[in-house]
Amino acid sequence: MILVGAGLALILAGGLSAVLLRRTPAIGERVFATLVAGGGIMAALPAIATLVDGRSRMVRLAPMAPGGAWVFGLDRLSAWFLVTVLATGTAIAIYGTDYLAPERHQRPTWAAHGLLALLLVAISGVVTSQAVVPFLAAWEVMAVSAYLLVMFESERAEVRRAGLIYLVLTHASTIALLAMFAGWSRGAAELTFRALADTAPAQGSSTVILALALLGFGIKAGVVPAHFWLPGAHAAAPSHISALLSGVMLKTGIYGLLRVMSLLGVVPAWWGWTLLGLGLASGVLGVFWALAQHDLKRLLAYHSVENIGIILLGMGVGALGIAYHQPVVAVLGLTGAVLHTLNHALFKSLLFLGAGAVVRATGTRTIDQLGGLGPRMPLTATAFLLGSVAIVGLPPLNGFVSEWVVFQALFRSGAADSGLRVAIVAAAGLGLIGGLALACFTKVDGVVFLGRPRSAAGVGATDPGPASIGPMLALAAACLGLGLFPALGVGPAVEIARSIAGAAPFRDPALAALDAALPRIAFLALALIGFGVLLWLARGYRLARSPVATSVTWACAGGPLTGRMQYTASSYAAPLLGSARSVAGIRVRTSPTSFHSHPIDLVLDGVVSPVWERIGRLAHEVRLLQAGRLRWYLLYVILTVLALLVYLGRTPAMAAGAR
Amino acid sequence: MTASPYVSLLAVLLVAPALPGIATRTKSLLTGRRGAPVLQLYFDLAKLARKGVVYSRTTTLVFRIAPVVLAAAVLVAAFLLPLDGRAPIFGFTGDLVAFAGLLALGRFALVLAGLDTGSSFEGMGASREVTVASFAEPALLLSLTVLVLVTGSLSLGGMLGAPLAGAWPVQAPSMVLAGASLFMLLLAENARVPIDDPATHLELTMIHEVIILDHSGPDLGLILYAGAVKFALFGTLVVSVLIPRGRFDPWIAVPMLLGGLVVVAVLVGVVEAAMARLRMDRIPQFLVAAAALAGFGVILLLR
């Protein structure tokens, strides 16, 4: 635990040095990157040790008034999230120095680096706190530093709006958590998590605790319908910050839900069904809305909603397994959720960093203005393609492994002899999510990287420098590694799931089958690659002996094709969105000579904003009373006194009392 | 370890190219034409393997590598099915997800290759292909869910093997529904009428064919062969559900499978002769119907 503290201190020192050395940014950023990387590795070591040996590492600081003891520590759950945070966070910090370098003279990039370090330490604090007060303190530092990072380009109105919405919602989340802990800790000896776990809340209050946890952590994780702060905030921030927010910070909501489950021990069935339902809604609607987007970063942000949905599906079926006393289903579901958390952190960060490279090289986030970037930015395109295969959940990458585990949990629930078996139907929903995600990422890859440029934006684009490419390739390698050797991720994830489910180590044929399947998945991945290589060589052998010509693309006997004739992202998604345009939130304006479509967020622009504006108008009308004139106020006083007198005079009992 | 899984895989891989030919021949005969030889695809494959290729200057490595990824994915998917009615070459718990994932990987590669050409026709085909696939995915999973519920097994080897035969007398309605749903999926996933028309001549009306407009030579051969094997794999799913072969000796089960595949191909031909292609916006309804059939099967089992 001392090593964790020292590592986090190093990260903070890195952030501080970026701030102090702002006059010489090149040196400051190098020191920043080195210290963050060193601190990240140092702090991750004890976490990896905990994942391997399962021993908890705790430290208890002297009591600080009024919060009681501040306990920090690593158990398996904390360690897993700490590794996730630091592995992706370090890669993102290094990328950030290169990404922001062109803006040194326009904006205070040193502040962004310093805040990034603070945010990383705050997230690490959230996942390692083992007491209420430090948890909430770290939670708030995280919320505020993330807000400041979102506002980095605050000269744009859309950024200020997104920042404001984020700020309001993140505080709604904090209030819910404050209320949850306040209610929970009433019977507890002190404010540590262990003490909370020892108090067994009554039936009614545990219902309130779970509902508040769902509200507070659900907002943070971006669960539909509380997702609407997410796309705006994540698109507004600089790309590497988006990666950190989308890939890592959202996961604190997932961490919180898992922590509450493990502290409560027993969860009711309604909580599991709610999680499952919210997971399905987030998953399907998230990917459906992503398909409708024209903005590359908003699209990726909606995919975070989708993936949070997949995580919730796993968590929901896991909670149902606990509620219905099916330990196998519980362990499988929670394993899938925990594993997908790490996997999503890796590939979503990778995709946002890739999107950042595209934005830097072309100056636009509008997908329909891009095209043909593959040959111009080969390394970025390769990394982004690998990230796409991973997020769609295709073998042989890591996304497949976690979705495979979630599917198994759903299928196993069907064997149960209770209400739990209905959960099996969610497997079809997960299949639909996979199919739509494939459609969405073939759209992104195809329209952005393949074909021809659609505008002048991407013609002169090139790959960014090694400090940007390196982190992307490292994340891609991690995705591939966890896909080829699934035991690396599944092994620790199963242990975490067991500790949350409270299941004593048990031997079950289903879990033994899971263990036995892991080497076969590795074999499947290797067979796939092996066959691919063999066929590729055979094809090369054949082509070396035949004429190979190059020509233009077949235009069906039409004239030469231009970039503008290609299918655009909107036309690509049109048949899928089809008549469900209103569900997808697409607003269309047409005239005899033009067609314009624009995606809105149904919850934000369709519900929240109109209601908010209505409240604002009402408040405006009430302002008539508050005109700021003394004689009016005197009139109000007199009228009130008169009304009271009349009231008192009319009420016999009161009149009698006065006499 | 017996040889029968390998022998049956080899047999299916050899017979696969005949199946589209049988379907087309059936359609021709029923509509009063003579039609192409049943073995036409073998001739085509042999010819394509010897030919050179033409690549568009717009295309990248993605275009060249896609046929290889597609063929490798379909081949590995074939390993997971118990073709001899007992055991696959290798299987594991939850390998049905891997089966669906491998087919999706092949589609992912092919669709990107289409977009790589920068042609609006191929973009259109790609868009339609992913639309069909998105609606097909839940139907496939619901059909497999029926089998999971009936057999209690999570691997294709178990689901399609011996336990299935025992389930027939008890769960016949669900099994029939799952089989029907899988047959509809076979039509959709293999670009047959009423979803797509392999014989159409106009690029605007194509789905699958238009994605591979620019592929030529051995690349096109790989795509066509992978398509034939995929047809055989879906055919195997249908045959295995409707005629469980787990109780037969493998040396009887394999010829039964091949006979069943021929019957499925003939049925596809009959469907093609009997009905026209659906309008593009009706396709989702067809696939939702397939999902609904399998869904009813699930409901019957859950009640």
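Read-outs throughout are calculated quantities, based only on the coordinates presented, and are distinct from any laboratory measurement. Quick caveat, the model's predicted, so the values are computed rather than measured. Reconstructed Cβ throughout: ideal geometry from the backbone, glycine too, with neighbour counts over all protein chains shown.
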Checklist entry - Which of A:K443, B:K230, B:K51 comes first, and how do the rest follow, when ranked by fewest Cβ neighbours within 10 Å? => result B:K51, B:K230, A:K443
Next on the checklist: Nearest 10 degrees is fine. How inclined is helix B:18-30 to the longest principal axis of chain B, computing both from alpha carbons?
Outcome noted: 80 degrees
Next on the checklist: With angles folded into 0 to 90 degrees, how steeply does helix B:120-151 sit against the dominant principal axis of chain B? Use alpha carbons for both and round to 10.
Outcome noted: 10 degrees
Next on the checklist: Just to check, using Stokes-Einstein with a Kirkwood Rh over alpha carbon pairs, what's the diffusion coefficient of segment A:578-625 at 37 °C and 0.692 mPa s in µm²/s?
Outcome noted: 252 µm²/s
Item to check | Inter-label distance, nm, simple model (7 Å from Cα along the C-beta direction), B:A289/A:Q203 | outcome: 4.9 nm
Checklist entry - Of the cross-linked pairs A:K297/A:K443; A:K297/A:K348; B:K27/B:K230, which ones have a Cα-Cα span greater than 18 Å in the structure shown? => result B:K27/B:K230
Checklist outcome for this item: Per residue of B:208-218, other chain Cβ atoms within 10 Å number on average 2
Checklist outcome for this item: CD proxy, 222 nm, chain A: helix-only mean residue ellipticity via -39,500 (n - 2.57) per DSSP H run with n ≥ 4, per residue, nearest 500, stands at -23500 deg cm²/dmol
Checklist outcome for this item: Between the Cα axis of helix B:162-189 and the main Cα principal axis of chain B, the angle (0 to 90°, nearest 10) is 10 degrees
Next on the checklist: Give me the percent relative contact order of segment A:578-625, please, defined on Cα pairs under 8 angstrom at least 6 residues apart.
Outcome noted: 24 percent
Next on the checklist: Modelling each spin label as a point 7 Å along the Cα-to-Cβ direction, I'd like the A:A189/A:S546 distance in nm, to one decimal.
Outcome noted: 7.8 nm
Item to check | DSSP beta bridge pairing in the protein assembly as shown, given as percent antiparallel to the nearest 5 | outcome: 80 percent
Checklist outcome for this item: Cβ density ranking, 10 Å radius, fewest first, applied to B:D249, B:D84 yields B:D249, B:D84
Checklist entry - Around B:L19, what is the net charge, scoring Lys/Arg as +1 and Asp/Glu as -1 over all other residues with Cβ under 12 Å from its Cβ? => result +3
Checklist entry - So which aspartates and glutamates can A:K220 reach, going by Cα to Cα under 16 Å and dropping same-chain residues fewer than 8 places off? => result A:E140, A:E306
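Can you tell me the dipole magnitude for chain A around its Cα centre, using point charges on the Cβ only (Lys, Arg +1; Asp, Glu -1), in Debye to the nearest 20?
It comes to approximately 1060 debye.
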Checklist entry - Could you give the nm distance between label points at A:F523 and A:H620, where each point is 7 Å from its Cα heading toward the beta carbon? => result 7.1 nm
Checklist outcome for this item: Among the DSSP H helices of chain A, those whose Cα atoms extend at least 24 Å along the helix axis and whose mean Kyte-Doolittle hydropathy is 1.6 or higher are A:2-20, A:109-128, A:132-150, A:426-444, A:466-484, A:630-650
Checklist entry - Can you put A:C440, A:C479 in order, fewest other beta carbons within 10 Å first? => result A:C479, A:C440
Checklist entry - Can you give me the relative contact order of chain B as a percent, contacts being Cα pairs under 8 Å and 6 or more apart? => result 31 percent
